[in-house]
Amino acid sequence: MKHIKVVAFDADDTLWVNEPYFRKTEEAFYKLLEGYASLHDMERELLKTELDNIPLYGYGVKGFVLSMIEAAMRITNGTLTQETIAQIIVLGKAMLNEPIELLDGVEDVLKNLQGRYKLVVATKGDLLDQERKLRKSDLTKYFHHVEIMSEKDDANYLKLIRHLDIQPQELLMVGNSLKSDVLPVLNVGGYAIHVPYHITWVHETINHTVENKRLATVESIGEVLKFL
Ligand SMILES: [Mg+2]
């Protein structure tokens with residue numbers, strides 16, 4: 001991949017652990033509301049509420065907390081107590097205070113690529129929360145630019161490419177989500193390396209395989225170096 005000038009990394013579940021914290025919080029949420037509905041119905045209600053709210057709140061913990069409260073109102077049939085609301089808010093704040101756990105090999109990869117490529121973070125989520133995570137991760141020193149996008153779609157990747165003053169084929173995106181990190185990048189003419197993570201939010205999954213000569217799939221982030 002000699003033509004690559006910029007290597008962009010997704011953050012959540014690519015550089016550091018994220019989705020397991022959502023799973024842990026969801027489990028605590030279902031436990032809080034135990035007895036009001038079946039687990040299946042609660043899961044369905046929460047997911048539906050989250051997806052309905054994405055256009056309004058975007059991605060991230062704050063929107064997730066509002067969605068939990070809203071879903072809880074419906075799950076409890078309007079009998080949600082102030083105490084339960086308070087507990088949901090505590091769950092959300094705990095997520096915002098979780099430690100940053102880097103995934104294996106991340107720092108080695110960044111060290112190796114630094115100086116040879118322009119390194120960028122391209123992530124979505126709450127601006128403040130992602131800034132906090134980057135700061136705590138101690139990885140900021142490796143990055144030339146951090147792009148926090150409201151949605152990882154074709155238009156926003158094109159904006160990033162223009163901002164970086166490169167051609168689409170000079171961008172390589174590394175990430176765990178086919179939907180957010182791979183497909184839109186391939187659509188606009190860039191290259192992608194998919195590093196699947198063992199847990200994926202259902203909203204990030206796609207039910208077809210992706211084959212493209214500009215895409216490679218690896219098992220761990222360290223293997224990215226084979227291509228660069
Ligand atoms: Mg991710």
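Mind checking which helices (runs of 4 or more DSSP H) fall wholly inside the range 48-117 and carry at least 1 residues that are of a type in the set (Gly, Ala, Ser) and out of contact with any Cys (no Cβ under 9 Å at 6 or more places or on another chain)?
Correct list: 61-75, 82-96.
Among the criteria (1) within 29 Å of SER220 (Cα to Cα); (2) outside the structural domain of ASP129 (by TED's automatic domain parsing), the one ASP13 does not fulfil is (2). If you go through the range 160-192 and keep only what is basic (Lys, Arg) and under 19 Å from the mean Cα position of the chain (by Cα), you end up with just LYS179. Scanning the range 29-47 for residues that are crowded, with 16+ Cβ neighbours inside 10 Å and assigned to a loop (DSSP other than H, G, I, E, B), we see that the one that is nearest to the chain's Cα centre (by Cα) is LEU33. Of everything in the range 139-179 that is charged (D, E, K, R) and in a helix (DSSP H, G or I), the residue that is nearest to HIS208 (Cα to Cα) is LYS179. A single entry from GLY125, GLY105 fulfils the requirement of being modelled with pLDDT under 95 and either within 16 Å of the ligand (Cβ to nearest atom) or not assigned by TED's automatic domain parsing to the domain that holds LEU66 (or both): GLY125.
Has the range 185-192 got at least one residue that is within 24 Å of THR25 (Cβ to Cβ) and not assigned by TED's automatic domain parsing to the domain that holds GLY60? Taking every residue of the range 185-192 in turn, none turns out to be within 24 Å of THR25 (Cβ to Cβ) and not assigned by TED's automatic domain parsing to the domain that holds GLY60.
The values are calculated or read from the model by the stated rules, or taken from the named source; none is laboratory data. As the structure is a prediction and not an experimental result, all values here were calculated from the model. Using ideal geometry, Cβ is built from the backbone for each residue, glycine included, and neighbour counts are taken over all protein chains shown.
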